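The values are calculated or read from the model by the stated rules, or taken from the named source; none is laboratory data. Keep in mind that what you see is a predicted model, and the values were worked out from it rather than measured. A quick note on method: Cβ atoms are made from the backbone with ideal geometry, for glycine too, and the neighbour counts reach across all protein chains shown. Remember, those area values only see protein heavy atoms, side chains included, never the ligands or the DNA or RNA. Shrake-Rupley method; radii C 1.70, N 1.55, O 1.52, S 1.80 Å.
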Amino acid sequence: MTGEWAGALRERVILERRLGGRDTLGGSSGPYAYIGEAWAAISPIAPGDLTAGESIRALPRWRVILRKRDFIDPSVRLVWRGKFLAVRAVVSDPREPAQMMLTCEEAG
């Protein structure tokens, strides 16, 4: 997205961060806490590699563009239209310092 991109931010998303609990195997567990809301541009991503670690990955993936926020990382999830989107990657383009691009995957 180049030029005027603020008008493309038409979707409202809720930002949540997982609280610091661990399960018996050391994985993250526990509830998510509300940390804010943002306007976003959301579009589907064509599936890439459909297998990872010999397991099928059939979950839909999304590209999400937001105004720059320093606290967005893979511990954050987005709530959009009743779906939970887990952040898998965060990219900040130095040519567009006011925005960031997330790669998200639908989570259960």
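Worth pointing out:
- Matching residues in segment 62-89 - criterion: being farther than 15 Å from residue 40 by Cβ, open to solvent by 80 Å² or more (accessible area, probe 1.4 Å) and outside any loop (DSSP other than H, G, I, E, B): 88
- Taking the listed residues 19, 59, 15, the one that is at pLDDT 85 or above and surrounded by 11 or more Cβ atoms within 10 Å (Cβ to Cβ) is 15, with no other qualifying.
- Sole residue being at pLDDT below 90 and of a type in the set (Gly, Ala, Ser), chosen from 36, 26, 82: 26
- Residues being closer than 19 Å to residue 60 by Cα and not in a strand (DSSP E or B) - total across segment 90-108: 1
- Restricting segment 94-108 to residues that are small (Gly, Ala, Ser) and under 17 Å from residue 79 (Cβ atoms), the residue that is surrounded by the most Cβ atoms within 10 Å (Cβ to Cβ): 107
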